[in-house]
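To keep things clear, I will list the structure first and then write my remarks on it.
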Amino acid sequence: MSRPRLPTLIAMQCFEASARHLSFTRAADELNLTQSAVSKQVAQLESLLEHPLFLRVRKRLQVTPEGSLYLTEVRKTLAQVEMSTRYMQSYGGQSDVLSVSTLPTFGARWLVPRLNGYRLRHPTTYLDISIRSDPFDLEDERVDAAFFYGRGVWPKAECVRVLDEELVPVCAPGLLPAQGFSSPLELTQLVLLQSASRPEAWHTWFAEQDCYTEHSYHGPRFDTFEMLLRAARVGCGVTLVPRFLADEEIARGELTVAWHHAIKSQDAYYLAYPEHKGEVAKVKGFVTWILEHLERPTLFPAIS
């Protein structure tokens, strides 16, 4: 199956510059081309698209509705090409890119604070960190290392246990009665904020204390722990989150542990990397860095 013909980069540049200046002549000056070359490129683009991009009215250009629609997409494409080019140019000849994926809140709250100083030790390695929550193939996606939550199994990958998880109920201090709660079930007086990634959390938390309530699954559901923490801070209700993710807010007094019981999960946070990349310098250096920083205390230690 043959691929469809696609416009050249120079044709898109000629179209974008002509649309911005409404002049082939000024576009030609900007691109260091002749006026006829720019006009020819635009004409070829119109032929390829089978739509007119400009109206020629009294020797002046007007962008057609089809042209305006295409112009939006062309500018996105040119911006992406420019960004990618500058991105690669910034590395110079002696640099390497390490592609790392991470869970959103884990990445922001646990990983990023532990990257301080990494650049000094590995000056020729540039980190490219992306957010990924769903399973994927490390090889197909060309990812060098990935943080994930689970049982420590990833196809064709080595997995390093990074952090255990302990879920605690937290809420804004103002939601607690002056004397505190006397029973876990009293937390149902508040809105139970639900986690999309831990849908059984509240049911398990109550069950471990021999408490049962029809409200375990009731309450607004949030996709990330960051949103849950934010909702809890502003007083939307009480939520179950990993203790290490809430340490900062607890230390500042923005959140408080609503009840002492915590769920110790059988799953944990892991760092995975392709088996055949274990001895690749940039991957080995990153894994070593993470292992060295596993015991580093958080910037905001938890307080009881």
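Pairs only if they're at least six apart or on different chains, beta carbon under 9 angstrom, first in the range 22-35 and under 15 Å from Ala11 (Cβ atoms), second part of a loop (DSSP other than H, G, I, E, B) and hydrophobic (A, V, I, L, M, F, W, C); list them, first residue then second.
Matching pairs, first to second residue: Ala27/Leu33.
Starting from residues that are touching a helix residue (DSSP H, G or I) at 6+ places or on another chain (Cβ under 7 Å) and within 17 Å of Leu187 (Cβ to Cβ), keep the ones in the range 238-256 and report whichever is surrounded by the fewest Cβ atoms within 10 Å (Cβ to Cβ).
Thr256
Could you tell me which numbered condition Gly235 fails, if it satisfies all but one of (1) surrounded by fewer than 19 Cβ atoms within 10 Å (Cβ to Cβ); (2) free of Cβ contacts under 8 Å to residues at least 60 places away in the same chain; (3) farther than 30 Å from Val97 by Cβ?
Among (1) surrounded by fewer than 19 Cβ atoms within 10 Å (Cβ to Cβ); (2) free of Cβ contacts under 8 Å to residues at least 60 places away in the same chain; (3) farther than 30 Å from Val97 by Cβ, Gly235 violates only (2).
Pairs please, first residue from the range 56-69 and in a helix (DSSP H, G or I), second anywhere and surrounded by 11 or more Cβ atoms within 10 Å (Cβ to Cβ), Cβ atoms under 7 Å, 6+ apart in sequence or on different chains.
Close Cβ pairs (under 7 Å, with a partner that is surrounded by 11 or more Cβ atoms within 10 Å (Cβ to Cβ)) amount to Glu66/His51; Glu66/Pro52; Glu66/Leu53; Gly67/Ala19; Gly67/Leu53; Gly67/Phe54.
Of all residues being surrounded by fewer than 17 Cβ atoms within 10 Å (Cβ to Cβ) and in contact with an Asp or Glu (Cβ under 7 Å, 6 or more places away or on another chain) in the range 127-157, which is farthest from Lys264 (Cα to Cα)? Just the residue, please.
Top of the filtered list is Lys156.
For the range 78-125, which residues satisfy the criterion of being at pLDDT below 95, among the polar types (S, T, N, Q) and not in a strand (DSSP E or B)?
Result: Gln80, Ser84, Thr85, Gln89, Ser90, Gln94, Ser95, Asn116, Thr124.
The values are calculated or read from the model by the stated rules, or taken from the named source; none is laboratory data. The model shown is predicted, which means the values in this text are computed figures rather than measured ones. Positions of Cβ are generated from backbone atoms using ideal geometry, with glycine treated the same way; all protein chains shown enter the neighbour counts.
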